[in-house]
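Data block below; observations after.
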Amino acid sequence: MTVEAVSAGAILFRDTRGRREYLLLKSRPGDWEFPKGGVEGDEELQQTAIREVKEEAGIGDFRLIDGFRKEYDYVFEANGKTIHKTVHLFIARSFEASAELSKEHRDLQWRDYEQAINTITQDGPRDILKQAHKYLDELVEEDEEDGSKTYLG
């Protein structure tokens, strides 16, 4: 019997000196991933993503970017059960420079796009990061005067 499970999380990014960086967390099994976790009770997917960013990255000052939600799924075994998990990922912009490691993870790193693509260990999240990066590129409007970036949408 296969158990269905649903998680939600966010591809969290920050702008550092005009460069976009993404937060990656190293899970206990050793995979590099984005903050994510299971839906609790009657939570909406966005509510779960917001809670998980706060719990897993210790970041409270961030904003979800409208118009982006992608999903991937995978199957694994746990406690003698087959679990089919669907993960919904949003994009969120962090207004905090640092993150805080939770007990659920071994490490965390802010990585630029190329580093992040080469660090993520699963195809699903890697493919969604590619889509998210392109989506953000299309939303960015650079201010010619001061070089700051505004995310529209």
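Yes/no per residue for (1) of a type in the set (D, E, K, R); (2) within 12 Å of the chain's Cα centre (by Cα):
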residue: Val3; (1), (2): no, no
residue: Val6; (1), (2): no, no
residue: Ile11; (1), (2): no, yes
residue: Gly18; (1), (2): no, no
residue: Leu24; (1), (2): no, yes
residue: Arg28; (1), (2): yes, no
residue: Gly38; (1), (2): no, no
residue: Glu55; (1), (2): yes, no
residue: Gly60; (1), (2): no, no
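Hey, among Ile50, Ile83, which residue is β-branched (Val, Ile, Thr) and either at pLDDT below 95 or in contact with a Phe, Trp or Tyr (Cβ under 6 Å, 6 or more places away or on another chain) (or both)? Break it down into steps so the answer makes sense when it comes.
Values: Ile50 fails: either at pLDDT below 95 or in contact with a Phe, Trp or Tyr (Cβ under 6 Å, 6 or more places away or on another chain) (or both).
Exactly one residue qualifies, and that residue is Ile83.
Can you tell me which residue within region 56-75, out of those that are of a type in the set (Phe, Trp, Tyr) and not in a loop (DSSP other than H, G, I, E, B), is surrounded by the most Cβ atoms within 10 Å (Cβ to Cβ)? Quick ask: steps written out before the conclusion?
Of region 56-75, the ones of a type in the set (Phe, Trp, Tyr) are 62, 68, 72, 74.
Now narrow it down to the ones that are not in a loop (DSSP other than H, G, I, E, B): 62, 72, 74.
Details: Phe62: 20, Tyr72: 16, Tyr74: 13.
Ranking the candidates gives Phe62 first.
Exactly one residue out of Thr86, Thr48 is in a helix (DSSP H, G or I) and closer than 25 Å to Met1 by Cβ, and it is Thr48.
Only one residue in Asp61, Asp107, Asp127 is more than 17 Å from Ala5 (Cβ to Cβ) and in contact with a strand residue (DSSP E or B) (Cβ under 6 Å, 6 or more places away or on another chain). Which one?
On the way: Asp61 fails: in contact with a strand residue (DSSP E or B) (Cβ under 6 Å, 6 or more places away or on another chain); Asp127 fails: in contact with a strand residue (DSSP E or B) (Cβ under 6 Å, 6 or more places away or on another chain).
When all the criteria are applied, what remains is Asp107.
Residue-wise test of (1) touching a residue at least 24 places away in the same chain (Cβ under 8 Å); (2) farther than 29 Å from Glu138 by Cβ; (3) loosely packed, with under 12 Cβ neighbours inside 10 Å.
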residue: Ser27; (1), (2), (3): yes, yes, no
residue: Glu40; (1), (2), (3): no, yes, yes
residue: Lys54; (1), (2), (3): no, no, no
residue: Glu77; (1), (2), (3): no, yes, yes
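Please return the ranges of strands (runs of 3 or more DSSP E) entirely within region 93-153 where 3 or more residues are modelled with pLDDT of 85 or more and within 12 Å of Leu24 (Cβ to Cβ). Don't jump to the end; show me each part of the working.
Values: elements: 105-112, 140-142, 149-151.
The qualifying strands (runs of 3 or more DSSP E) are 105-112.
Determine whether Arg17 is charged (D, E, K, R), at positive phi and either surrounded by fewer than 22 Cβ atoms within 10 Å (Cβ to Cβ) or touching an Asp or Glu at 6+ places or on another chain (Cβ under 8 Å) (or both). Outline the logic, then answer.
Details: charged (D, E, K, R): yes; at positive phi: yes; either surrounded by fewer than 22 Cβ atoms within 10 Å (Cβ to Cβ) or touching an Asp or Glu at 6+ places or on another chain (Cβ under 8 Å) (or both): yes.
Yes.
The values are calculated or read from the model by the stated rules, or taken from the named source; none is laboratory data. Every value quoted in this text rests on a predicted model; they were computed, and no experiment measured them. Every residue, glycine among them, receives a Cβ derived from its backbone with ideal geometry; neighbour counts consider all protein chains shown.
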